[in-house]
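A.B. asks: What follows is a structure written as C-alpha cells; I'll ask about it next.
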Amino acid sequence: MEEAGSFKDFYQYATPTRVIVGRDLLESTGFEFLKEGAHRVLLVTDQVIRGTGLVEKVEAGLVDGGVDLAGIFDEVPQDSSTAVCDRCAEAAREAGADSFLALGGGSVMDTAKVADAVFTHGGTAREQEGFFLMPRDDDGMGRPLDIAPLACIPTTAGTGSEVSMAAVIKEPEERIKLEIADFPLFPRLAILDPETTRTLPPALAAATGMDAMTHAIEGYVSQDWSPHQDARSLQALRMIRDNLERAVQGGERDEEARGNMLIAANLAITLALGSVHAMSHPAGAHFGVPHGVANAIHLPHVIRFNARGGDSIAERYRDLGELFALETGGAATDAADALAAHIGGLVEQLGLPTRLSQAGVLESGIPALVEGAMGDGTTILNPREAGEEDYAELYRSAL
Ligand SMILES: [Fe+2]
C-alpha cells in the first residue's frame with residue numbers, strides 16, 4: 001500500500017450533507033428541513049424510539065416550521081431488511097409524502113435511504129444493491145438523479161450513516177448484507193442534538209461508540225486512506241478517546257460527552273473500511289451479532305493481523321497508539337500490539353463482550369462466516385490481503 005505521506009494515484013472525497021450541531025435543535029427540524037425542499041414528511045423510526053418521547057418533539061418541530069407530517073413508519077427492526085425498506089417506500093406513497101426524515105440509529109437511517117431510492121425510482125430494495133449504480137442523466141453518463149429530500153437525526157453516536165452515501169441492509173433469504181452506495185444517498189441534512197441520546201442505554205452507547213472507533217481506525221489504515229479522511233479519523237479518535245467512557249457511564253447527566261460523541265461518529269464515518277467490517281457483516285447476518293459489538297470484538301484481532309502485513313501498515317497503527325499515549329517506542333508491530341491490547345481493555349471496561357462465543361456465534365458457523373467475509377466489499381480495502389485461511393484463523397482467535 002502507498003505509504004502515509006505519499007501522493008496517492010487517485011481518491012475522491014465528497015461530503016455534501018449539511019450538518020447542524022447544537023442544543024435544542026429538534027424544535028427547528030421543520031424550519032431546517034423546509035430549506036431542503038421538504039413539505040410532507042414521512043417520519044421513519046422504530047418502536048424503541050417511539051417510547052422515548054423523541055417522536056413527539058420532532059413532530060412538534062416539524063409542524064412549528066410549517067412542514068406537514070404525512071405519516072409515521074415505525075416498523076424498522078434492529079437489523080432492517082429489504083422487505084422493510086419496500087414496505088417503508090409503500091408507506092410514503094400511501095401517505096402522499098414528498099420527503100423522508102429518519103429518526104433513529106443506523107438501521108433506521110439506512111432503511112430510510114433505501115426506501116427513498118425505491119420511492120423515487122421504483123423497483124425493489126433488492127434491486128438497489130451495488131456501488132454507483134443509481135440512475136443518471138444522459139443515459140447513465142451524467143449527474144446522478146436526486147432522490148426525495150432526506151434528513152437524518154441519529155439517536156446513537158456510532159454509525160455516521162447521517163452523513164454517508166452508504167446503506168447496509170439484510171437480505172434474510174440469502175443471509176447476506178446488501179451494500180448500497182451512491183452520491184444521491186447522502187442525506188441533505190443531519191441534525192446532531194445531544195437530546196437524542198439522553199436515554200440511550202449504556203450497552204448501546206458502548207457498542208455504537210465502538211462502531212465509530214472502528215470507522216476511525218479502519219479508515220486510517222485502509223487501502224483507500226486519504227489525507228482528507230486522515231484528518232477526520234484522527235480528530236474523531238481524539239474525541240472518542242475523551243468522551244466515549246464518559247458518555248457510557250455518565251449517560252443522561254453528561255450532555256457534553258454525548259454531544260461530542262455524536263460529532264465524533266459523524267467525523268469517523270467513511271466507506272474506506274477493511275476486514276473488521278468484512279468480518280462483522282456476516283456475524284450480523286448469520287448470528288445476529290449487533291454491528292458495534294462485532295466490530296469491538298474483531299478490531300484488536302485485525303489490528304494484530306494487519307500490522308504483520310508490512311511496516312507501512314504497522315506505522316499507521318503507531319500513529320494511533322501515540323494518540324492514546326501508549327508505549328509506542330519499539331518495533332512498529334509492538335506498537336500495533338499495544339494499540340490492540342488497549343482497545344481490547346477498553347471494550348472490556350465498557351462492559352461489552354470480547355469474544356464471539358459470548359455473542360452467540362458457534363464454531364460450526366465459521367465456514368459460512370469466512371465465505372461472507374471473503375465476499376464482502378470491504379475485504380479488498382483492507383491494508384493486508386486477507387484470504388480464506390486468514391479469516392478462518394481470525395474468527396477462531398476471536399471465538
Ligand atoms: Fe460500521
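The values are calculated or read from the model by the stated rules, or taken from the named source; none is laboratory data. Owing to the predicted nature of the structure, the values given are computational and were not obtained by experimental measurement. Quick reminder, even Gly has a Cβ in these numbers, built from the backbone with ideal geometry, and neighbours come from all protein chains shown. For accessibility, only protein heavy atoms count, side chains too; no ligands or nucleic acids. Shrake-Rupley method; radii C 1.70, N 1.55, O 1.52, S 1.80 Å.
A.B. asks: Among the DSSP beta bridges whose two residues both lie in the chain, what percent are antiparallel, rounded to the nearest 5?
C.D. replies: On the way: 7 of 30 bridges.
Antiparallel bridges make up about 25 percent of those DSSP assigns within the chain.
A.B. asks: Pop a pseudo-label 7 angstrom from the Cα along the beta-carbon direction at both residue 311 and residue 31 and give the gap in nm to one decimal.
C.D. replies: The two pseudo-label positions are separated by 5.7 nm.
A.B. asks: Mind checking region 143-206 for GluC sites (Glu not before Pro) that DSSP puts in a loop (not H, G, I, E or B) and that have at most 10 other Cβ atoms within 10 Å?
C.D. replies: Here the GluC sites (Glu not before Pro) that fit, given the DSSP loop and packing criteria, are 173.
A.B. asks: Rolling a 1.4 angstrom probe over the protein heavy atoms, how many square angstrom per residue are accessible across the chain? Intermediate results must be reported in sequence, preceding the final value.
C.D. replies: On the way: 15780 Å² over 399 residues.
Normalised by residue count, the accessible surface of the chain is 40 Å².
A.B. asks: Report the chymotrypsin sites (Phe, Trp or Tyr not before Pro) located in region 109-147 that are in a DSSP loop and have at most 15 other Cβ atoms inside 10 Å of their Cβ, or state none. Walk me through the numbers on the way to the answer.
C.D. replies: Working: sites: 119, 131, 132; in loops: 132.
Counting only loop positions with at most 15 other Cβ atoms within 10 Å, the chymotrypsin sites (Phe, Trp or Tyr not before Pro) in region 109-147 are 132.
A.B. asks: Where does the charge balance sit around residue 90 when Lys and Arg score +1, Asp and Glu -1, over other residues with C-beta under 13 Å from its C-beta? Present the calculation step by step, with values, prior to reporting the outcome.
C.D. replies: Numbers: positive: 87, 93; negative: 75, 86, 94, 116.
Here the charged neighbours net out to -2.
A.B. asks: What are the ³J(HN,Hα) couplings of region 249-256, residue after residue, when phi is run through the Karplus curve with 6.51, -1.76, 1.60 and θ = phi - 60°? Round to Hz, x for glycine and proline.
C.D. replies: 7, x, x, 4, 6, 9, 5, 4
A.B. asks: Give me the percent of DSSP beta bridges within region 3-154 that run antiparallel, rounded to the nearest 5. Spell out each step's value before the answer.
C.D. replies: Numbers: 1 of 15 bridges.
About 5 percent, rounded to the nearest 5.
A.B. asks: Moving on. Region 332-399: Rg/Rh from Cα coordinates, Kirkwood Rh? Don't skip to the answer; put the middle values down first.
C.D. replies: Details: Rg = 13.6 Å, Rh = 13.5 Å.
When Rh is taken as the Kirkwood radius, the ratio is 1.00.
A.B. asks: Given the DSSP H assignment, sum -39500 (n - 2.57) over each helix run of at least 4 residues in the chain and divide by its residue total; what's the result at 222 nm in deg cm²/dmol, nearest 500? Don't skip to the answer; put the middle values down first.
C.D. replies: Working: 15 runs with 195 residues, N = 399.
Mean residue ellipticity, 222 nm, calculated: -15500 deg cm²/dmol.
A.B. asks: Still on this model: Sort out for me the Cα centre separation of region 128-175 from region 84-118, rounded to whole Å.
C.D. replies: Distance between centres, Cα-based: 11 Å.
A.B. asks: Explain nothing, just compute: Karplus ³J(HN,Hα) = 6.51 cos²θ - 1.76 cosθ + 1.60, θ = phi - 60°, for every residue of region 43-49 in order, whole Hz, x for Gly and Pro.
C.D. replies: Using θ = phi - 60°, the values come out as 8, 9, 7, 10, 5, 5, 5 Hz.
A.B. asks: Here is a further query. On a C-alpha basis, how far is the centre of region 183-198 from the centre of region 276-339 in Å? Whole number, if you could?
C.D. replies: If we compute the Cα centre of each part, the gap is 28 Å.
A.B. asks: Treat every Asp and Glu Cβ in the chain as -1 and every Lys and Arg Cβ as +1, leave all other atoms uncharged, and give the resulting dipole magnitude about the Cα centre to the nearest 20 debye. Please list the in-between numbers first.
C.D. replies: Values: 31 positive and 61 negative charges, 111 e Å.
Computed charge dipole of the chain: roughly 540 debye.
A.B. asks: Give the aspartates and glutamates whose C-alpha is closer than 12 Å to that of residue 170, dropping any in the same chain fewer than 8 places away, or say none.
C.D. replies: Straight-line reach from residue 170, under 12 Å: 79, 110, 129, 179.
A.B. asks: Please list, by residue number, everything in region 231-267 whose backbone N is under 18 Å from a paramagnetic label point 7 Å out along Cα→Cβ of residue 322.
C.D. replies: Under 18 Å, as judged by backbone N against the label point of residue 322, lie 231-239, 241 of region 231-267.
A.B. asks: Turning to a different aspect of this structure: Suppose R0 equals 45 Å. What FRET efficiency, 1/(1 + (r/R0)^6) with r the Cβ-Cβ distance, do residue 363 and residue 21 give to the nearest 0.05? Write down the numbers at each step before the final one.
C.D. replies: Values: r = 45 Å, r/R0 = 0.99.
Computed FRET efficiency for residue 363 and residue 21 comes out at 0.50.
A.B. asks: Next question, about the same structure. With a cut-off of at most 13 other beta carbons within 10 Å, and DSSP calling the residue loop, which trypsin sites (Lys or Arg not before Pro) in region 1-81 qualify? Please list them.
C.D. replies: On the way: sites: 8, 18, 23, 35, 40, 50, 57; in loops: 8, 23, 35.
The qualifying sites are 8, 23, 35.
A.B. asks: Run the quick spin-label model on residue 393 and residue 75: label points 7 Å from Cα toward the beta carbon, then report their separation in nm to one decimal.
C.D. replies: With each label point 7 Å from Cα toward Cβ, the separation is 4.7 nm.
A.B. asks: How far apart, in nm, are the 7 Å Cα→Cβ label points at residue 39 and residue 6?
C.D. replies: In this crude spin-label approximation the distance works out to 5.4 nm.
A.B. asks: Given the peptides 259-267, 59-67, arrange them by the average over their residues of other C-beta atoms within 10 Å, most packed first. Let's see the in-between values first.
C.D. replies: Numbers: 259-267: 26.1, 59-67: 18.1.
Put in order of decreasing packing, that is 259-267, 59-67.
A.B. asks: Multiply the residue separation of residue 127 and residue 380 by 0.36 nm, subtract the distance between their alpha-carbon atoms, and state the gained length in nm to one decimal. Mind dumping the intermediate values first?
C.D. replies: Working: separation 253, 0.36 × 253 = 91.08 nm, distance 2.30 nm.
Extra length available between residue 127 and residue 380 comes to 88.8 nm.
A.B. asks: Okay, moving on. Under 5 Å between amide hydrogens, which residues at least 5 positions from residue 130 or on another chain qualify, with H placed 1.01 Å from N in the peptide plane?
C.D. replies: 179, 180, 181
A.B. asks: Here's a follow-up. Please report the relative contact order for region 182-290, taking Cα pairs under 8 Å with a sequence separation of at least 6, and give it as a percent rounded to a whole number.
C.D. replies: Values: 122 pairs, mean separation 37.9, N = 109.
So the answer I get is 35 percent.
A.B. asks: Whole-Hz ³J(HN,Hα) for each residue in region 336-353, computed from phi via Karplus 6.51 cos²θ - 1.76 cosθ + 1.60 with θ = phi - 60°, x for glycine and proline: what do you get?
C.D. replies: 5, 4, 4, 5, 4, 5, 4, 5, x, x, 5, 4, 5, 4, 6, x, 8, x
A.B. asks: Quick one: putting +1 on the C-beta of Lys and Arg, -1 on the C-beta of Asp and Glu, what dipole do you get for region 259-399 around its Cα centre, in Debye to the nearest 20? Spell out each step's value before the answer.
C.D. replies: Details: 7 positive and 16 negative charges, 63 e Å.
Once rounded to the nearest 20, the dipole reads 300 debye.
A.B. asks: So, R0 is 35 Å and r is the distance between the beta-carbons of residue 60 and residue 249; what FRET efficiency does that work out to, to 0.05? Before the final figure, lay out each step's value.
C.D. replies: On the way: r = 31 Å, r/R0 = 0.89.
According to the calculation, E is roughly 0.65.
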